[in-house]
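Notes follow the structure.
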Amino acid sequence: MLLYVVRQLRLDLGRTLMRGGAVAAVVAVILLLEGVYAGQLDQLRSNVIKRGADLIVVQAGVSDMIAVRSILPQFARQDVEAVEGVTSAAPLASIALIYEQGGQRTPISLFVYDTDGGPTNLVAGHPISNDREIIIDQSLARKYRLEPGDPFELSDFEFRIAGISQGDAAYFTSFGFVLFDDLLDFYFESDLADDISTFPMLSFLLVKLGKYQKQDVVAERIEEAVPSADVFLPEALADRDAALGRITLGPIFGMMIGVAYIVGLLVTGIIMFAAINGRRHSLGVLKALGFSNGYLLRVVILEALLLASLAIPVGTLLAILLAMLIQALAPLYLILPTETIPLIRTSLACWVFAIAGSLLPVYMIYKLDPGMVFRS
């Protein structure tokens with residue numbers, strides 16, 4: 001049976017390639033959607049982990065780093081550094097702003113840091129070394145064609161681009177990084193001055209611990225010393241940010257991925273229907289020779305499974321290439337098309353589509369009249 005199916009696929013290679021290409025395209029679309037969703041969750045997690053802290057102190061009641069504003073008291077830093085087991089508590093402020101150029105507006109999260117918490121992967125330029133310098137993510141630089149040394153006006157305050165980083169974005173928002181030395185100038189000289197009371201001077205504290213210090217023990221000490229703050233392990237805070245992404249983005253991507261699965265089922269069904277309809281003569285010959293309906297059905301199902309098995313790696317490769325192209329054109333979107341669970345889920349779905357698509361036109365096999373072969 002397998003040999004017959006292989007020969008049948010090779011007999012009309014052009015049609016086989018077209019059918020396999022259609023199924024591979026469906027696989028690629030599903031993996032791309034799965035990859036965009038997985039990429040957003042990965043960005044939300046890595047945004048926290050990249051800050052490089054042993055513990056992260058936030059405003060009491062705040063449970064994530066990207067979506068809810070955190071404002072800590074100015075004296076919180078010295079109180080935290082006085083806690084036993086803490087070696088340093090680097091300040092970090094986060095400000096949500098809008099960058100505008102040429103009539104286009106783009107949201108940007110501005111991170112203000114001192115020693116820790118800055119960009120981790122510069123791909124152009126140099127670290128901040130002078131006043132009023134900024135480092136921006138390459139997604140923003142690519143969109144507006146910005147280079148190191150260019151002016152960067154934010155809320156009517158002009159920075160100078162020192163460098164461009166890679167991978168500093170999350171929640172469809174690019175990041176920018178400036179030093180605390182410029183924060184007061186930015187607040188008082190920008191158009192935020194009228195409403196400065198609503199903007200933070202301190203959002204987070206990135207805590208480093210001494211050797212052999214237990215994170216949970218020191219976290220309890222900090223919360224006792226600073227009642228207005230909550231303390232998280234970076235992994236725990238990263239999980240909360242990812243959970244926020246699942247809550248807000250999950251329904252949207254779930255709907256799109258679900259539609260892609262339905263389209264995959266329909267495409268596979270149409271392909272198999274057309275394949276059987278085009279082979280009614282050869283199937284009629286087999287039936288005239290005494291092969292049962294069950295045998296013919298197994299032939300069709302095996303052919304569909306073999307076609308799907310060939311299409312899955314091709315579709316995966318196509319998804320990888322498309323993901324690389326999209327990320328090259330729009331670095332804001334991290335796409336991970338080969339995550340293990342989505343890849344397994346998509347492969348299983350493809351095989352299910354193949355079987356379902358084979359069963360849809362099954363009545364054509366059962367109603368085949370062997371006499372049609374001779375009348376033809």
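Brief remarks on what is shown
- Test: residue in the stretch 143-159 that is polar (S, T, N, Q), open to solvent by 10 Å² or more (accessible area, probe 1.4 Å), in contact (Cβ under 8 Å) with a residue 12 or more places away in the chain and not in a loop (DSSP other than H, G, I, E, B): no
- Number of residues in the stretch 236-279 that are assigned to a helix (DSSP H, G or I), over 15 Å from the mean Cα position of the chain (by Cα) and within 30 Å of Val300 (Cα to Cα) equals 21.
- Any hit, the stretch 200-217, residues being among the polar types (S, T, N, Q) and either at pLDDT below 85 or touching a His at 6+ places or on another chain (Cβ under 9 Å) (or both): no
- Near pairs, Cβ below 9 angstrom, 6+ apart or cross-chain, from the stretch 202-230 (under 20 Å from Asp64 (Cα atoms)) to any residue that is of a type in the set (Lys, Arg): Leu202/Arg77; Ser203/Arg69; Phe204/Arg51; Leu205/Arg77; Leu206/Arg51
- Whenever a residue of the stretch 280-293 is modelled with pLDDT of 70 or more, its partners that are of a type in the set (Phe, Trp, Tyr), lying with C-beta atoms within less than 7 angstrom and at least six residues away or across chains, give the pairs Asn293/Tyr366.
- Odd one out for Leu289, checked against (1) open to solvent by 70 Å² or more (accessible area, probe 1.4 Å); (2) under 24 Å from Leu17 (Cβ atoms): (2)
The values are calculated or read from the model by the stated rules, or taken from the named source; none is laboratory data. None of the values given here were measured: they were computed from a predicted structure. Cβ coordinates were reconstructed from backbone atoms using ideal geometry, including for glycine residues, and neighbour counts include every protein chain displayed. Surface areas here come from the heavy atoms of the whole protein model, side chains and all, with no ligands, DNA or RNA. Shrake-Rupley method; radii C 1.70, N 1.55, O 1.52, S 1.80 Å.
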